[in-house]
Amino acid sequence: MKDKYYTPTKEEFYIGFEYEFSYGNDFKKYIYDGRQVLTSESYYDDHGCEYDAVEDDLKYMRVKYLDRSDIEDLGFNDKHYDGIQPRDTYFKIKTNDDVYQITVYWNMLRDDRENLVRIYKGKLHNYPYTEIFRGDIKNKSELKILLKQLNIK
């Protein structure tokens, strides 16, 4: 894949959104908590040139595209109960034998980024699982919200 980060838009920010801010060559991780100002007006520099403060700050920010480590951090793994699974598929098996499956459709070697994610729900040893979500998920923050909406804990 060409790049594992992208520059966020101000519309993406909500409480809990994870991003990184550049300090020279170093990036520091942040979680947006509402205190960071993203709605500021434009300002003028010492030479009278007008700048949009938000757009100016965004060019120093980046967000990591959703990847394997993010999905695993949210409690999924790539090991199915019988050890056989398709590539890029992750599972969460609950104590009541509910199974949640996340299948991602992206190719890390391609320059253009696909963000298609499918989520299925079923019972252990009872195929096929039912698809409960299909759509684009760009980052861990978006997946975290979706899992909460789908009541997957």
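The values are calculated or read from the model by the stated rules, or taken from the named source; none is laboratory data. Keep in mind it's a predicted model, so treat the numbers as computed, not measured. Note: ideal-geometry Cβ built from the backbone for every residue, glycine included; neighbour counts use all protein chains shown. Note: areas computed on protein heavy atoms with side chains; ligands, DNA, RNA excluded. Shrake-Rupley method; radii C 1.70, N 1.55, O 1.52, S 1.80 Å.
General remarks:
Conditions tested, residue by residue: (1) of a type in the set (Phe, Trp, Tyr); (2) surrounded by 13 or more Cβ atoms within 10 Å (Cβ to Cβ); (3) out of contact with any Pro (no Cβ under 7 Å at 6 or more places or on another chain); (4) modelled with pLDDT of 95 or more.
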| position | (1), (2), (3), (4) |
| --- | --- |
| TYR105 | yes, no, yes, no |
| ASP111 | no, no, yes, no |
| ASN115 | no, yes, yes, no |
| ILE119 | no, yes, yes, yes |
| LEU124 | no, yes, yes, no |
| TYR129 | yes, yes, yes, no |
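- Whenever a residue of region 129-153 is touching a residue at least 24 places away in the same chain (Cβ under 8 Å) and under 18 Å from GLU20 (Cβ atoms), its partners that are in a loop (DSSP other than H, G, I, E, B) and among the polar types (S, T, N, Q), lying with C-beta atoms within less than 6 angstrom and at least six residues away or across chains, give the pairs LYS138/ASN115.
- Residues that are of a type in the set (A, V, I, L, M, F, W, C) and assigned to a loop (DSSP other than H, G, I, E, B) were ranked within region 131-153; the one that is most open to solvent (accessible area, probe 1.4 Å) is LEU150.
- Within region 49-58, none of the residues are open to solvent by 50 Å² or more (accessible area, probe 1.4 Å), modelled with pLDDT of 80 or more and more than 25 Å from PHE13 (Cβ to Cβ).
- When residues in region 58-79 are screened for being in a strand (DSSP E or B) and farther than 16 Å from TYR19 by Cα, 1 of them pass.
Here is a yes/no grid of residues against (1) of a type outside the set (Phe, Trp, Tyr); (2) open to solvent by 60 Å² or more (accessible area, probe 1.4 Å); (3) modelled with pLDDT of 85 or more; (4) touching a strand residue (DSSP E or B) at 6+ places or on another chain (Cβ under 9 Å):
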residue	(1), (2), (3), (4)
THR7	yes, yes, yes, yes
PHE13	no, no, yes, yes
GLU18	yes, no, yes, yes
PHE21	no, no, yes, yes
SER42	yes, no, no, yes
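- Selection of region 4-33 for residues being in contact (Cβ under 8 Å) with a residue 12 or more places away in the chain and in a loop (DSSP other than H, G, I, E, B) yields LYS4, THR7, PRO8, THR9, PHE13, TYR14, ILE15, GLY16, PHE17, TYR32, ASP33.
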